[in-house]
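A quick write-up on the structure given underneath.
Since every read-out is calculated from the coordinates, none of them should be taken as a lab result. Note that the structure is predicted; figures quoted are calculated from it, not measured. Cβ placement follows ideal geometry from the backbone for every residue including glycine, while neighbour counts extend to all protein chains displayed.
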Amino acid sequence: MAQISKRFINLKKQCGALYRMSMNASASPKPVWVPTPPGPVLKAFGEEVSILLTGEQTDGKLTLWLESVPPGGGPPPHRHLREEEWFVVQEGRFEFLLEGTWKEMKPGGVAYIPRNAVHTFRNCGDTTGKLLVSTSPSGFETIFQRSADKFSKPGEPNMEAILKVASEHGIEFVT
């Protein structure tokens, strides 16, 4: 019994040391309140995105945004090499492709996509749908801004340039 107690005490000390090291590794982000979407609406891929939290605000931990998706809209199948992603359906009906299976989600439904998992979604309703989306770590706001810049140019979007932006940010489109 004494040996178990010693092991427990040693484990507790090690965990405490690891906790203290992790707390000192980087400064904690400051609280942020976002009463309304703060910035411009970014338009890319036929969708509109309002960034709510950036990596700068969250110490690189996550990006959070609201996404408006027209009926039938959604990205091609793809994977994120750097981020995990969460979706919460706010309005409308969406289908998510996860592990080769489509599943319909209504308001309140949540989908979690681990890093490297091939996925996509589409608005399967007849009205514009809204998603609350988050990626971790942050940085996804940059691809939206860079892609919106490409889509805002006159004429058809330069898909080669957009695919290059995606690749630079660790996104692979899958056929």
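Alpha carbon centre of the range 69-106 versus the range 127-153: separation in Å?
14
Just grab the label-to-label distance for Thr101 and Leu163, each label 7 Å out from Cα along the Cβ direction, in nm (one decimal).
Label at Thr101, label at Leu163, 3.2 nm between them.
Using amide H atoms built 1.01 Å from N in the peptide plane, name the residues 5+ places from Gly125, or on other chains, whose amide H lies under 5 Å from its own.
Under 5 Å from the amide H of Gly125 lie the amide H atoms of Gly72, Arg93, each far enough along the sequence or on another chain.
What order do you get for 65-72, 45-52 when each peptide is scored by the mean count of other beta carbon atoms within 10 Å, highest first? Intermediate values should be presented prior to the final figure.
Details: 65-72: 17.6, 45-52: 19.2.
Answer by packing, highest mean first, reads 45-52, 65-72.
Convert each backbone phi in the range 164-171 into a coupling constant with the Karplus relation 6.51 cos²θ - 1.76 cosθ + 1.60 (shift: θ = phi - 60°), then list the ³J(HN,Hα) values in order as whole Hz, x for Gly and Pro.
Each residue of the range 164-171 in turn: 5, 4, 4, 4, 5, 9, x, 10 Hz.
Mind listing the long-range amide H neighbours of Ala117? Cut-off is under 5 Å, sequence gap 5 or more, other chains count too, H placed in the peptide plane at 1.01 Å from N.
Long-range HN contacts for Ala117: His80.
Could you give me the ³J(HN,Hα) list for the range 44-53, computed from phi with Karplus coefficients 6.51, -1.76, 1.60 and θ = phi - 60°, whole Hz, x at Gly and Pro?
Calculated HN-Hα couplings, in order: 7, 6, x, 10, 10, 10, 10, 6, 9, 9 Hz.
Amide H to amide H under 5 Å from Gly170: which residues, 5+ apart in sequence or cross-chain, H placed 1.01 Å off N in plane?
Long-range HN contacts for Gly170: none found.
Any chance you could run the full-extension gain for Leu132 through Tyr112? It's 0.36 nm times the residue separation minus the Cα-Cα distance, nm to one decimal.
Extra length available between Leu132 and Tyr112 comes to 6.0 nm.
Rank by packing, highest mean first: peptides 131-143, 153-165, 93-105, with packing defined as the count of other Cβ atoms within 10 Å averaged across residues.
Order by mean packing, descending: 131-143, 93-105, 153-165.
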